[in-house]
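Take a look at the structure below.
The values are calculated or read from the model by the stated rules, or taken from the named source; none is laboratory data. As the structure is a computational prediction, the values presented were derived from the model and not from experiment. Note that we place each Cβ from the backbone using ideal geometry, even for glycine, and neighbour counts take in every protein chain shown.
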Amino acid sequence: MKHHFPEATLHPSASNDQGLLSVPFGRQFIWIPKETLSKKELLLFQMREGDRQKNIDHQAHPWYPILFDHQPVSSPNMYRFIHVHFTKVIDGLQSEWLAEIQQMLPAVVDLFFIYDNQAVIVEAHSGENLRVEDLDGLFVALDMDFDCYSQLFVGPFHRSEHDFTQLWEEEATFYYEVLQLRKHQKSLDLPTGLSTLFISGAKPYLALLRTLYLDWFEEETETIIRALWQHQGNASSTAKALFMHRNSLLYKIDKFQTATNLNLKIMDDLLLGYFLCQTFSTHTD
């Protein structure tokens, strides 16, 4: 710790100074000036602040040193992390919860609690892995069974030759940052999270963008834009999904272009339209 954070000092109690971060260390606290930490380091420490770290058996959980000590993966495959964050923790039934997950997700290669309010599930690529919307339903049922409330970030699959410690830290930081913006969303994945951060970054220009949304969009236009986005701008697939004749769809797209100078046949223009819908629509989660 001293090697990585030379300004850190050890004290018997937590600091009351808002400029210092107090990190539990055994029965003592490490004080670190916040100004010396990068944004990523501060986020990672804040994720752990106030939580009791679990004692992990490295033999029973071989992925712990892979995630936290840069150890290589021994079995070539692709793996993903399911980050689980509890806003209402499991009371004394953590082992039973883990066993239930293991039974429901057969591709799991390791899973454990890192803190009382954080667990990680490591899953191998099997071709039958559940999508985020399916996992959402599964965890809703588990929350009811165990009288808890969990939120999850379903990460992408990574090849086994990568540094999984770095990937884990990046994903955990990313998830924590997105969670501050979507505190009530049950399940997130990388595309949803990226769009959230993209929208957050546009805050200085919200008045301008809101004006465009109000001037440009009607409910039917939003429906068309969302369908075009889901079908990668393919007019034929979009028309089929909307039960609309292709020529009728193209007419509406051309009419929208005449009114706004936004050509929805061009992906950059479609991205702007989709971004406005996601940011300002009352139908957006």
The condition from (1) modelled with pLDDT under 90; (2) loosely packed, with under 14 Cβ neighbours inside 10 Å that Phe45 misses is numbered (2)
If you go through Glu96, Glu133, Glu123, the only one that is touching a Leu at 6+ places or on another chain (Cβ under 7 Å) and in the same structural domain as Leu179 (by TED's automatic domain parsing) is Glu123
Note: among Leu209, Leu135, just one is modelled with pLDDT of 90 or more and either buried (at least 19 other Cβ atoms within 10 Å of the Cβ) or farther than 28 Å from Lys88 by Cα (or both), namely Leu135
Scanning segment 229-285 for residues that are among the hydroxyl-bearing types (Ser, Thr, Tyr), touching a residue at least 12 places away in the same chain (Cβ under 8 Å) and surrounded by fewer than 16 Cβ atoms within 10 Å (Cβ to Cβ) gives Ser281
Residue in segment 150-166 that is farther than 18 Å from His70 by Cβ, of a type in the set (A, V, I, L, M) and more than 14 Å from the chain's Cα centre (by Cα) present:
no
In segment 256-283, residues that are of a type in the set (Gly, Ala, Ser) and modelled with pLDDT of 90 or more total 1
Any chance Gly193 is touching a residue at least 24 places away in the same chain (Cβ under 8 Å), surrounded by 14 or more Cβ atoms within 10 Å (Cβ to Cβ) and assigned by TED's automatic domain parsing to the domain that holds Phe174
yes
Among Phe113, Phe86, Phe81, the single one that is under 17 Å from Phe157 (Cβ atoms) and crowded, with 18+ Cβ neighbours inside 10 Å is Phe81
From the option list Leu181, Leu197, Leu190, single residue qualifying as within 10 Å of the chain's Cα centre (by Cα) and of a type outside the set (Phe, Trp, Tyr) is Leu190
